[in-house]
């Protein structure tokens with residue numbers, strides 16, 4: 001495929017589970033009013049919910065819910081990028097750039113490979129930058145325990161440190177020093193609740209293939225990797241409202257016991273007495289909820305929760321959450 005059209009810039013947004021990628025993405029979508037953005041999302045697990053968390057505007061949001069994006073980079077990602085170009089060319093879809101938000105468990109390397117080893121994609125797209133978000137509170141532990149977290153930092157053109165207000169100044173300085181040791185070429189900024197200098201994120205032409213090849217000479221070769229089978233995800237769904245106080249008590253107890261192994265948990269919740277959704281998110285021992293969209297008249301109120309963690313007791317968590325639902329007899 002050949003074309004004289006300008007290449008479509010692509011930003012690869014990565015970072016470990018719960019770092020704040022979706023918060024940053026929402027910031028970009030709401031601030032770049034003059035551009036239309038196609039968003040490709042990859043969720044770890046059978047059900048994705050970030051479509052409900054993301055700002056819903058004119059953006060084209062595509063979810064890939066079949067697990068690690070590095071396993072689908074030769075298939076679904078190429079297909080989706082190809083379909084977007086076709087729709088753009090025939091006028092059925094307008095967009096100026098693409099943002100790919102990977103799951104927190106993905107190595108960004110194989111995703112970036114796509115833009116260099118697939119001729120059709122390379123002819124139409126330009127990988128502008130890999131932007132990695134690092135959680136200041138949990139980042140040091142994640143870097144210790146997960147090679148993927150180190151790979152995400154190593155491939156970054158820009159590193160954004162989130163939740164810096166949760167740690168002391170000396171801890172932040174130590175984290176920055178460690179990030180520089182891992183990746184001395186990446187520019188580092190803070191991103192408080194997604195507030196980051198957009199001119200340092202978009203159109204930076206920061207992805208330097210030669211620098212990547214210095215770090216990993218086999219970058220353009222076929223990838224071979226293994227998954228940590230101890231890390232898995234499951235989805236809890238319910239079509240009854242939660243009792244607010246009971247849910248809070250149960251979640252608090254679960255986090256006290258399993259918080260260290262709960263890498264990421266998030267959901268859209270229906271709470272009895274609340275006219276709107278509750279967007280629930282947590283990382284390890286930290287959790288919180290914010291108001292979401294109102295439930296429409298006649299719309300089925302339902303909850304979806306996704307848990308990602310290490311050796312989680314799925315059945316116990318599911319039984320506990322079921323106990324937090326409003327009893328059917330109370331609804332009757």
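For the residues 81, 25, 77, the requirement of being over 24 Å from residue 268 (Cβ atoms), at pLDDT below 90 and surrounded by 19 or more Cβ atoms within 10 Å (Cβ to Cβ) singles out 77.
In the stretch 275-310, the qualifying residues are those that are surrounded by 15 or more Cβ atoms within 10 Å (Cβ to Cβ) and either without any contact (Cβ under 8 Å) to a residue 24 or more places away in the chain or assigned by TED's automatic domain parsing to the domain that holds residue 143 (or both), and the one that is nearest to residue 166 (Cα to Cα) is 289.
Being part of a strand (DSSP E or B) and either closer than 26 Å to residue 165 by Cβ or in the same structural domain as residue 166 (by TED's automatic domain parsing) (or both) is a condition met by no residue of the stretch 238-254. Count of the stretch 276-332 residues, restricted to those that are modelled with pLDDT of 85 or more and in a helix (DSSP H, G or I), is 10. Take residue 44 and decide whether it is at pLDDT below 70 and within 11 Å of the chain's Cα centre (by Cα). Here the answer is yes, as residue 44 does meet what is asked. Surrounded by 18 or more Cβ atoms within 10 Å (Cβ to Cβ) and modelled with pLDDT under 80: is that true of residue 109 in this structure? It is true that residue 109 is surrounded by 18 or more Cβ atoms within 10 Å (Cβ to Cβ) and modelled with pLDDT under 80.
Residue 257 - would you say it is surrounded by fewer than 19 Cβ atoms within 10 Å (Cβ to Cβ), more than 30 Å from residue 112 (Cα to Cα), in the same structural domain as residue 298 (by TED's automatic domain parsing) and at pLDDT 75 or above? Full working, then the answer.
Numbers: surrounded by fewer than 19 Cβ atoms within 10 Å (Cβ to Cβ): yes; more than 30 Å from residue 112 (Cα to Cα): yes; in the same structural domain as residue 298 (by TED's automatic domain parsing): yes; at pLDDT 75 or above: yes.
When the stated conditions are applied, residue 257 passes them.
Look at (1) without any contact (Cβ under 8 Å) to a residue 24 or more places away in the chain; (2) part of a helix (DSSP H, G or I) and you find that residue 92 fails only one, number (2).
The values are calculated or read from the model by the stated rules, or taken from the named source; none is laboratory data. Here the structure is a predicted model, which is why all the values come from computation and not from measurement. No Cβ is skipped: glycine too gets one built from the backbone with ideal geometry, and neighbour counts run over all protein chains shown.
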